[in-house]
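The values are calculated or read from the model by the stated rules, or taken from the named source; none is laboratory data. Because the structure is predicted, anything quoted here is derived from the model rather than measured. Note: ideal-geometry Cβ built from the backbone for every residue, glycine included; neighbour counts use all protein chains shown.
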Amino acid sequence: MPIDEFIIKIYLMVDDYYKKIVTNRLRQGGYAPKLTDSEIITMELVGEFLQMDTNS
């Protein structure tokens, strides 16, 4: 499976589960975030899967 398809599948799964789990947003005010929580979680999961950690 190409990496872009893998990332998209992971994102869709994370986004679906995140919407089921988190019903109330914690953040109420301030600037709108540039990335959604689902996007950040996806980046972390894919980075771990591809062993792209910076804790060397």
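Laid out as a table, the results:
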| read-out | value |
| --- | --- |
| Filter result (assigned to a helix (DSSP H, G or I) and either over 17 Å from the mean Cα position of the chain (by Cα) or loosely packed, with under 10 Cβ neighbours inside 10 Å (or both)) within region 1-34 | Ile3, Asp4, Glu5, Lys20, Ile21 |
| Residues that are more than 8 Å from the chain's Cα centre (by Cα) and farther than 18 Å from Pro2 by Cα, drawn from region 35-48 | Leu35 |
| Pair list, Cβ under 9 Å, 6 or more apart: region 1-27 residue within 12 Å of Met43 (Cα to Cα), other residue in a helix (DSSP H, G or I) and among the aromatic types (Phe, Trp, Tyr) | Phe6/Phe49; Ile10/Phe49 |
| Residue pairs meeting the criteria (Cβ under 6 Å; at least 6 apart or on separate chains; first over 14 Å from Tyr17 (Cα atoms), in region 29-40; second surrounded by 10 or more Cβ atoms within 10 Å (Cβ to Cβ) and not charged (D, E, K, R)) | none |
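For (1) in contact with a Phe, Trp or Tyr (Cβ under 7 Å, 6 or more places away or on another chain); (2) modelled with pLDDT of 95 or more; (3) among the basic types (Lys, Arg), each residue gets a yes or a no:
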{"site": "Met1", "(1), (2), (3)": "no, no, no"}
{"site": "Ile10", "(1), (2), (3)": "no, yes, no"}
{"site": "Asp15", "(1), (2), (3)": "no, yes, no"}
{"site": "Lys19", "(1), (2), (3)": "no, no, yes"}
{"site": "Thr23", "(1), (2), (3)": "no, no, no"}
{"site": "Lys34", "(1), (2), (3)": "no, no, yes"}
{"site": "Thr42", "(1), (2), (3)": "yes, yes, no"}
{"site": "Glu48", "(1), (2), (3)": "no, no, no"}
{"site": "Met52", "(1), (2), (3)": "no, no, no"}
